[in-house]
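Everything below concerns the one structure shown next.
None of the figures in this text is laboratory data; all of them are computed from the coordinates on show. Everything numeric here is computed off the predicted structure, so don't read it as measured data. Using ideal geometry, Cβ is built from the backbone for each residue, glycine included, and neighbour counts are taken over all protein chains shown.
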Amino acid sequence: MSPGTSPNDLYLRYGSVVYRRARRLLGDEQAAKDACHEVFLRLFRSLPELDRASPLTWLYKVTTNFCLNLIRDEERRRKLLAAQAATSTSPAGGPSLAELLRGFPEELQEVAVYYFVDGMSQDEIAEVLGISQRTVSNRVSAFRAMAKAAWSVDAVEAT
Amino acid sequence: MNQLDERERHGADCLSDLLLDRWRLMQLDDSGKRERVRAHLDECERCRLRLAGIEAVVAPPFDFGVGQASAASSRPLSRWRARWLAPVFLFAGAAALVLLVPWKKDGQRSKGGGWQLGLVAQYPNGRVEPVFQGQALAPGDRLRFEVSAPTNGFVSVISLDAKGAVTPFVPVTGETAAVHPGKRTLLDGAIRLDDAIGPERLMLVACPRPMAVTEVVAAGRMALGQAQGRLDKLDKLALPCAQTSFWIRKEARP
């Protein structure tokens, strides 16, 4: 392993990226720490196959997938919602990410997080996911359409 | 949509986290893009604040044991960790304080002339894990040492701490220990960390011929004196031996 790509070097360089991202998506300090460890374990395990100058986009993708899987998990979701209901930590009392993404297809959830939450450009998303910019654009449009329908129904039901 | 959409709230021109990460990690190869990011940061207070926030985030210590006791056992993390450390735990169960099986993957190993030093810690609760450079450990934790050797040699591991103490860890007395070429040879003997809090520099000294441990310790004291007690300023011991360092921090366990 060349200097600068040892596990310690990688963690020093990218640990805060993964931790920050996990904390943002999960909204839970301890869960973010666990996610950070898991993502780096996967990175270390994948190092021989990783043929990249920088693992940054790989880490973004794996962290996002890992966190979305956690969010999709029923038990985790229930805990998150219960905790948020108890502490009302959502900004401006708004719904959690888990609530907002509930019911959307997984590939749309992933793109929605990158596009709407991270503010990534479609080119950046295409690079991270290894798909075409056109596919990203289609998924963003599909998410917009589904969200408009779903959330307007929610709003009507809430009134 | 507004409740989710950062760009609708703050404008599509603002920089993404990915771009800010690339900027601060100096991974923007395109000079035009670098210039655009710099120009945007000059103009946009929001992105400057976001960048400051990003830079302020500190990753948790790379201690795979932190919080794991409460982690759900069904999580992939736990399954993988179990596989990863299975040989270690197996033996730890049989010999409570002594670990003879090296970790499969990676603690951290410091390197010097092809020689590498690795550490394995056993915590008071019995957990056994590899140690990473700079990791926080606590008084009472037990350590064992493993060496990857490019050639035959005679090794010693000494500790230099923030209070100026130089202590032989392995071997404790006698002569430096013979090691044959190979990876991750576990050295005989374990030590228990004392109560001195602060950074600690562990040095592996690998010599071509046997040497008294007292001689290694004396060289450590001399080097520390020359560095005026500054562990980080200490270069090498005045010995005709390969040398490499491994840093740990000793902190009181809450």
Exercise for the section: Would you mind checking region B:151-168 for residues with the amide N under 20 Å from a putative spin-label position 7 Å along Cα→C-beta of B:Ala227? Expected result: B:155-168
Fill in the blank from the handout: Ranked on Cβ counts within 10 Å of their own Cβ, fewest leading, B:Met211, B:Met26 go B:Met26, B:Met211
Problem - Loop-located trypsin sites (Lys or Arg not before Pro) in region A:10-64 whose Cβ has at most 16 other Cβ within 10 Å (DSSP) - result: A:Arg52
Problem - Of A:Lys61/B:Lys33; B:Lys183/B:Lys233; B:Lys183/B:Lys236; A:Lys61/B:Lys250; A:Lys148/B:Lys33, pairs whose Cα-Cα distance is over 31 Å - result: A:Lys61/B:Lys250; A:Lys148/B:Lys33
Exercise for the section: Would you mind working out the magnitude of the charge dipole of region B:6-56 relative to its Cα centre, with +1 at each Lys and Arg C-beta and -1 at each Asp and Glu C-beta, to the nearest 20 Debye? Expected result: 40 debye
Fill in the blank from the handout: Label model pair B:Ala39, A:Arg144: point-to-point distance (7 angstrom along the Cα→beta-carbon line) in nm is 2.6 nm
Practice task
Determine, for A:Cys67, B:Cys207, the number of other Cβ atoms within 10 Å of each Cβ, and report the residues in order from fewest to most.
Solution key: B:Cys207, A:Cys67
Fill in the blank from the handout: Quick note on B:Ser159, A:Ser121, A:Ser141, ordering by fewest other C-beta atoms within 10 Å, gives A:Ser141, A:Ser121, B:Ser159
Completion exercise
Quick calc: nm separation of the 7 Å Cα→Cβ label points for B:Asn125 and B:Ala252 -> 2.0 nm
Exercise for the section: Restrict the search to region B:185-254; then list the trypsin sites (Lys or Arg not before Pro) that DSSP places in a loop and that have at most 15 other Cβ atoms within 10 Å of their Cβ. Expected result: B:Arg230, B:Lys233, B:Lys236
Fill in the blank from the handout: Two pseudo-spin positions, 7 Å from Cα along C-beta at B:Ser31 and at A:Asp9, lie apart in nanometres by 2.6 nm
Problem - Cβ neighbours within 10 Å from other chains - mean over A:13-19 - result: 5
